[in-house]
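Engineer: This is the structure, below, for whatever I ask next.
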Amino acid sequence: TICLDVRDLVKDYPVDGASDHRAVGGVSLTIAEGEMYTLLGPSGCGKSTTLRCVAGLEQPDSGRIELAGVPVVDQGVHVPTERRDIGMVFQSYAIWPHMSVFENVAFPLRVDGRRRTKKEVRRRVEEVLGTVRLADVASRSATQLSGGQQQRLALARALIREPRLLLLDEPLSNLDARLRDQMRVELRDLQRRLNVTALFVTHDQAEALSMSSRIAVMDQGRVVQEGTPREIYQRP
Ligand code: ADP
Ligand code: ADP
C-alpha cells in the first residue's frame, strides 16, 4: 500500500530584485507503507523544502501530494498541518523546557480536540515513553535530559498520536558522533518495530546508506537517483 505520493512538486522562493529561486524543481516520490525512505543530498538541494511541503508548513507552487490516497495538496486543496496524519522531528527538537517529560509527550493529546480520560492519556503516554526507554524519567523536567534522551523525547512526542507518516529532518545532526551512531541504530530499530513509515532527510551518506529502505538522491531541487542503499552505493 502506498503511504505517500508526491507528484511534480515545485516550490519557488521569491528573491529581491531577481527572478524567483527554484528550491524544488519537479520532485516525484512514492513511498510504500513501512518504509524508511531517505532524501539525501548536499545542503541547499531542496530536501527540507520538500519535507516542509509534505508537512504542510510550505505551500508548493505546483504539484500534488497524497497521503494514503487522500490529496492533501492539489489544485485548490491545502489540508493544514494539524489535519495531516503526520508526526515530525526536526534538528532543533523544540521540546518544551517548562514541562515535564510526561507533559511534553501528553501535549499533542491535550490539544487535538479529542476527548480522552486521564487514564487513557496516562496509559498511552506511558506506553510511548516505554517504547523510547524514557519511562523512568517521566516526571523529570525536560531540560534535565541528556541530548540522546531529548532526541528520544522528541520522537515520543511525534509518535504519540500514531501518525501514518513520520517526518524526520536531520534529527541526529545535533548529537555528538558517538551518540549519533547509537541513535541511528535505535531509530531504525524503532521504526521497524512499530512499522511506522518514515521520510527521513539527511546530508550524511553513511547515515542514509545504513538506515534506509530506499534513498532518493537530490541535487539542485531534483531527484537524480533513486533506489535501495545497495543500488545507490553501486552507482556512486
Ligand atoms: P536542504 O534541506 O537540502 O538543505 P532547503 O530545502 O533548505 O535545502 O533549501 C533549498 C533552497 O531553497 C536553498 O537554495 C535555500 O537557500 C532556499 N531556501 C530555503 N528556504 C528558504 C526560504 N524560506 N526563503 C528563501 N529561500 C529559501
Ligand atoms: P489524578 O491523580 O489527578 O487523577 P493523573 O494521575 O492522571 O491525575 O495525573 C495527574 C498529572 O500527573 C498528569 O497531568 C501528569 O502531568 C502527571 N502524571 C501522570 N502520570 C505520570 C507519570 N507516569 N509520570 C509523571 N507524571 C505523571
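Engineer: Mind checking whether some residue in segment 119-126 is within 16 Å of ligand 1 (Cβ to nearest atom) and β-branched (Val, Ile, Thr)? Can you show your working first?
Structural biologist: Of the residues in segment 119-126, the ones within 16 Å of ligand 1 (Cβ to nearest atom) are none.
The answer is no; no qualifying residue exists.
Engineer: Answer with yes or no whether residue 126 is in a helix (DSSP H, G or I), in contact (Cβ under 8 Å) with a residue 12 or more places away in the chain and surrounded by fewer than 18 Cβ atoms within 10 Å (Cβ to Cβ).
Structural biologist: So residue 126 passes the test.
Engineer: If you don't mind, another one. In segment 59-76, what count of residues is obtained for those that are at positive phi, surrounded by 13 or more Cβ atoms within 10 Å (Cβ to Cβ) and out of contact with any Ser or Thr (no Cβ under 8 Å at 6 or more places or on another chain)? Even if it seems obvious, please write down each step before you answer.
Structural biologist: Of the residues in segment 59-76, the ones at positive phi are 63, 68-69, 76.
Next, only the ones that are surrounded by 13 or more Cβ atoms within 10 Å (Cβ to Cβ) stay: 63, 68.
Okay, now just the ones that are also out of contact with any Ser or Thr (no Cβ under 8 Å at 6 or more places or on another chain), so 63.
Summing the residues that are at positive phi, surrounded by 13 or more Cβ atoms within 10 Å (Cβ to Cβ) and out of contact with any Ser or Thr (no Cβ under 8 Å at 6 or more places or on another chain) in segment 59-76 gives 1.
Engineer: Moving on to the next point. For segment 65-85, does any single residue satisfy the condition of being under 30 Å from residue 149 (Cα atoms) and among the polar types (S, T, N, Q)?
Structural biologist: Yes, some residue in segment 65-85 is under 30 Å from residue 149 (Cα atoms) and among the polar types (S, T, N, Q).
Engineer: Any residue that is without any contact (Cβ under 8 Å) to a residue 40 or more places away in the chain, surrounded by 18 or more Cβ atoms within 10 Å (Cβ to Cβ) and hydrophobic (A, V, I, L, M, F, W, C) - is there at least one of those in segment 197-205?
Structural biologist: No: segment 197-205 contains no residue that is without any contact (Cβ under 8 Å) to a residue 40 or more places away in the chain, surrounded by 18 or more Cβ atoms within 10 Å (Cβ to Cβ) and hydrophobic (A, V, I, L, M, F, W, C).
Throughout, read-outs are computed from the coordinates displayed, never taken from laboratory work. It should be emphasised that the depicted structure is a prediction, and the values quoted were computed from it without experimental measurement. Ideal geometry is used to build each Cβ from the backbone, glycine not excepted, and the neighbour counts take in all protein chains shown.
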